[in-house]
Amino acid sequence: MDEQMRDLTARNNLEYALRLALRHGSQRDPSRHIFLQHIEQSFGYVASVLAGDQHWSAEFREFRVNDPKPRNIVAPCFLDRVIHHALFQFAGPMFESRLLDGCCACRKGYGTQAAISRAIDMSHQKTWFLKLDVRHYFETVPRAGITSVVESIIPDGRLRDWMNLLHHSW
């Protein structure tokens with residue numbers, strides 16, 4: 001196992017990923033409670049999956065929300081969220097330098113408050129704005145394009161394979 005895979009499967013990375021996963025999602029999610037009840041086995045399983053020693057199959061639950069408009073949501077189970085956070089500790093910085101400053105979603109040091117602050121700043125500079133909502137955008141993103149972007153950014157074969165597996169799993 002190379003150094004990056006050792007770091008990816010290290011206990012401190014898995015514990016950090018767990019803390020991030022606990023911040024979001026439903027507290028009533030049964031997969032969350034199972035993970036926490038068997039935490040040592042769960043960490044062992046996640047490390048084994050990330051190292052490629054164990055088969056992994058993404059599990060999602062689908063539900064509908066109507067706030068502010070009807071939308072279908074596909075959410076990963078708790079175990080998968082832990083795996084996602086563990087992976088993004090390594091992959092995230094590789095993407096960071098390529099993101100626009102105005103992109104605030106899912107970025108360390110950004111978020112809702114940064115987005116609001118940016119919108120206020122822009123409202124003082126510009127007279128016009130465009131509110132755009134592309135119908136079913138997420139479902140229509142061409143996966144081949146994502147694959148080519150991932151492969152151009154992530155040089156490591158195993159981490160690159162994981163990122164490709166993630167975006168093809170939903």
Checklist outcome for this item: Here the net charge surrounding Ala21, from other residues whose Cβ is less than 12 Å away from its Cβ (Lys, Arg +1; Asp, Glu -1), is +1
Next on the checklist: Given a 1.4 angstrom probe, I'd like the percentage of the accessible area of the range 1-77 that is carbon and sulfur, rounded to a whole number.
Outcome noted: 49 percent
Item to check | Calculated [θ] (222 nm, deg cm²/dmol) that DSSP helices of n ≥ 4 give over the chain, each run adding -39,500 (n - 2.57) | outcome: -18000 deg cm²/dmol
Item to check | the chain: angle of helix 39-51 to the longest principal axis, Cα-based, in degrees nearest 10 | outcome: 80 degrees
Checklist entry - Where does helix 157-168 land angle-wise versus the long Cα axis of the chain, in degrees 0 to 90, nearest 10? => result 60 degrees
Next on the checklist: Just to verify a number: FRET efficiency for Gln113 and Gln54, C-beta to C-beta distance, R0 = 41 Å, to 0.05?
Outcome noted: 0.60
Next on the checklist: I want the local charge near Glu59. Using Cβ-Cβ distances under 14 Å, sum +1 for each Lys or Arg and -1 for each Asp or Glu among the other residues.
Outcome noted: 0
Checklist entry - Stokes-Einstein at 25 °C, 0.890 mPa s, Kirkwood radius from Cα pairs: D for the range 27-97 in µm² s⁻¹? => result 175 µm²/s
Item to check | Crossing angle, helix 112-125 versus the chain [Cα axis fit, 0-90 degrees, rounded to tens] | outcome: 20 degrees
Item to check | Nearest-20 debye value, the range 69-170 charge dipole, Cβ charges on Lys, Arg, Asp, Glu | outcome: 320 debye
Checklist entry - Taking the Cβ-Cβ separation of Arg64 and Gln27 as r and a Förster radius of 22 Å, what is the calculated FRET efficiency to the nearest 0.05? => result 0.65
Item to check | Label selected from (i) 26, 20, 14; (ii) 50, 16, 12; (iii) 30, 21, 17, the criterion being semi-axes √(5λ) of the Cα gyration tensor in Å as computed here | outcome: (iii)
Item to check | Net lengthening on full extension, Ile34/Cys103 (0.36 nm per residue, minus Cα-Cα) | outcome: 21.4 nm
Checklist outcome for this item: Expressed per residue, the solvent accessible area of the range 93-157 in Å² (1.4 Å probe) is about 86 Å²
Item to check | Estimated dipole of the range 35-110 in Debye, rounded to 20 [Cβ of Lys and Arg +1, of Asp and Glu -1, Cα centre] | outcome: 360 debye
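The values are calculated or read from the model by the stated rules, or taken from the named source; none is laboratory data. The structure presented is a predicted model; accordingly, all values stated were derived computationally and were not measured. For neighbour counting, all protein chains shown are included, and Cβ atoms are generated from backbone atoms with ideal geometry for every residue, glycine included. We work out accessible area using only protein heavy atoms, side chains counted, and drop any ligands, DNA or RNA first. Shrake-Rupley method; radii C 1.70, N 1.55, O 1.52, S 1.80 Å.
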